[in-house]
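Values quoted throughout were computed directly from the atomic coordinates according to the rules given, and no laboratory measurement underlies them. Since this is a predicted model, take the numbers as computed values, not measurements. Because the Cβ atoms are built from the backbone with ideal geometry, glycine has one as well, and the counts that use them run over all protein chains shown.
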Amino acid sequence: MARRKYVVGNWKMNGVKASIADAQAIFAAAANHAAVDVAICPPFTLVGALVAAAPGAAVGGQDCHSENSGAFTGSVAASMLADLGASVVIVGHSERREGCGEGDADVRAKAEAGLSAGLSVILCVGEPREIRESGGAIDYVLAQIAGSVPDDFAADRLAIAYEPIWAIGTGLVPTVGDVAALHGAIRGALAARFGGAADDMRILYGGSVNGDNAAELLRAGDVDGALVGGASLTAAKFVPIVAAAAGL
Ligand code: 13P
């Protein structure tokens, strides 16, 4: 089964009620590109409103707690996202690994919670700049994969997002060859662990993707889509990325 292209907007801590109209415009335009799966992950505060405003669209959270309920002030359970009608959750984003001290075991537990709640999971990995410069990017990312990808899941419900930290929000992008090398290494590690199911898992690239560079990045080997931050906030910037994925 060919893997469908997947383009996901991670709105990070951006968006207020008025931003729902931007998301609606994105989903409306994306509907012209039926070959591409599109999802938007707004802040938790907008998940319910966006589900209501865009029936049938894929809406997700940017994180979840690993537990289903309890004394975890400020946290949101995967089951709560599912209860709102979300269908996907991002886990292990570098802004949480680095900023909130989340390690591979935490990320794995969150991924398992998302899967148990019936959500699809986008599990992020990616190396910091000094690891890239020392030539250790592949080893670093494969260790993250080994430590944070759960053992048991349906292959089409867990996507990996490779997001080199130094490329996030900087305008810097790895060469297409470097992206293909990383994605190929990730695919190889998944195949070694999960066999043929690895062929059905999508591997997204993230980090300064925009309408100008999307087509080239999405054509790289083993790149099945994009996880987009800054350029996902408006239809004007995001839809060209979806169109690039559709045109491949
Ligand atoms: P930018 O597209 O803003 O670089 O962010 C990428 C990202 O972190 C998506 O999760």
Filter result (of a type in the set (Gly, Ala, Ser) and in contact (Cβ under 8 Å) with a residue 60 or more places away in the chain) within region 1-27: GLY9, GLY15, SER19, ALA25
Qualifying helices (runs of 4 or more DSSP H) (wholly inside region 1-117; at least 1 residues being within 16 Å of the ligand (Cβ to nearest atom), surrounded by fewer than 19 Cβ atoms within 10 Å (Cβ to Cβ) and not aromatic (Phe, Trp, Tyr)): 94-97
Count - residues of region 133-148 that are of a type outside the set (A, V, I, L, M, F, W, C), in a helix (DSSP H, G or I) and without any contact (Cβ under 8 Å) to a residue 40 or more places away in the chain: 3
Residues of region 208-235 that turn out to be away from the ligand (no atom under 14 Å from the Cβ), out of contact with any helix residue (DSSP H, G or I) (no Cβ under 8 Å at 6 or more places or on another chain) and among the aliphatic types (A, V, I, L, M), as a count: 0
Residue identified as surrounded by fewer than 19 Cβ atoms within 10 Å (Cβ to Cβ), over 15 Å from ASP63 (Cα atoms) and under 15 Å from the mean Cα position of the chain (by Cα) among ASP151, ASP156, ASP139: ASP156
